[in-house]
1. Taking H placed 1.01 Å from N in the peptide plane, check which residues at least 5 places from B:Cys78 or on another chain put their amide H under 5 Å from its amide H.
2. Give me the percent relative contact order of the range B:16-84, please, defined on Cα pairs under 8 angstrom at least 6 residues apart.
3. Taking amide H positions as placed 1.01 Å from N in the peptide plane, with prolines and chain starts having none, which residues 5 or more places from B:Thr41, or on another chain, fall under 5 Å of its amide H?
4. Per-residue Cβ counts within 10 Å, from other chains only, averaged over B:71-83: what number is that?
5. So what J values fall out for the range B:68-80 if you push phi through Karplus, 6.51 cos²θ - 1.76 cosθ + 1.60 with θ = phi - 60°, rounded to Hz, Gly and Pro as x?
6. Show me, bin by bin at 10 Å from 0, the whole-percent P(r) of the range B:29-108 based on Cα pairs.
7. Partner chain Cβ atoms within 10 Å, averaged over the residues of B:4-12 - can you pull that number for me?
8. Can you give the helix-only mean residue ellipticity at 222 nm for the protein assembly as shown, where every DSSP H stretch with n ≥ 4 adds -39500 (n - 2.57) and the sum goes over all residues, rounded to the nearest 500 deg cm²/dmol?
Amino acid sequence: MPSQDKTKRLATLALLAAAAFVLSWVDSLIPVSGALPGAKLGLANLSVLIGLYLLGPLPGAALCGLKILLQTFLFGNAYAFFYSLAGGILSYLVMLLTRKRCSVMFVSALGGVFHNLGQVLVAAVILQTAGLMAYFPVLMLCGIGAGLAVGLAGGILISRLRPILPFIS
Amino acid sequence: MRLRRREAVFLGAVILALLIWALWPGAPGTAVSVSVNGQVTEVYPLDQPAVIPIDGYGGFSLTLVVSGGSAHVEHASCPDLICQHHRPISNTGEQIVCLPARIVLSVTGKEAGVDAVTR
């Protein structure tokens, strides 16, 4: 890979990181209440998704790590760290493994589901309760819904960005 | 980019199953059990109005309010206030969880049966 292309890829990664920052902030502004307060749209996952598809697994993982740090220490609270960490890692691994076989929307929906699954698993361990079942179906539905919405936007952005970023494989 | 047909069918089936699960009407419960850090500490009947302060993990506390057959949380001292914003719970199996304080409030069917899962 020519060094010029490396620089361009680095610049694209930096742009996606900046976008993740803004999207995390917007995410924290959207109020949620009712059956599941605390549910988030996960807009920053848009950056992770685009990074994973256009730049590859490692830049995507870097964006995912950044997203977790932003969500925890800047726009959330530190008590949520282990939940965010488990959800983020599990979600990213599933998206990484399915990205070549499924559509972007489906990959994103899986990401949303496994993000919430990771969180509820950590909650079950920390609270030493197996019975978080009341939250389970609602969490899964939220994960699918948010994942599909982010995946729809992500799919459009990825197909539009690919032709104008010629250094991307 | 778009969902493929088999993906859409799969997601549709999963969403339908989850909706049925989530919206399945629960029987009205009779008591609310309080669990702190995995240990059930108290069980309160839902038909007696009460205001109960609960001390949780890490110095966090909340106030459980029982009135009119349902339970909700007021004045939580945790940073996210998710439990405080949760709608009141009244049916068997419904829960309010405060993660920072490690408090789980669950509605049970029988006052005596702390572990009651059945209706």
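Each value in this text was obtained by applying a stated rule to the coordinates, not by laboratory testing. Keep in mind that this is a model prediction, so the values were computed, not measured. Positions of Cβ are generated from backbone atoms using ideal geometry, with glycine treated the same way; all protein chains shown enter the neighbour counts.
1. Residues meeting the criterion, in which the H sits 1.01 Å from N, are B:Ser61.
2. Working: 101 pairs, mean separation 13.7, N = 69.
That works out to 20 percent.
3. The answer is B:Val34, B:Ser35, B:Val36.
4. On the way: counts 0, 0, 0, 0, 0, 0, 0, 2, 5, 6, 2, 7, 2.
Across B:71-83, the average partner-chain Cβ count within 10 Å equals 2.
5. x, x, 9, 10, 8, 10, 10, 6, 7, 9, 6, x, 9
6. 22, 59, 19, 0
7. On the way: counts 4, 0, 2, 7, 3, 0, 2, 8, 0.
Mean shielding by partner chains, rounded to a whole number: 3.
8. Details: 8 runs with 143 residues, N = 288.
So the helix-based figure for the protein assembly as shown works out to -17000 deg cm²/dmol.
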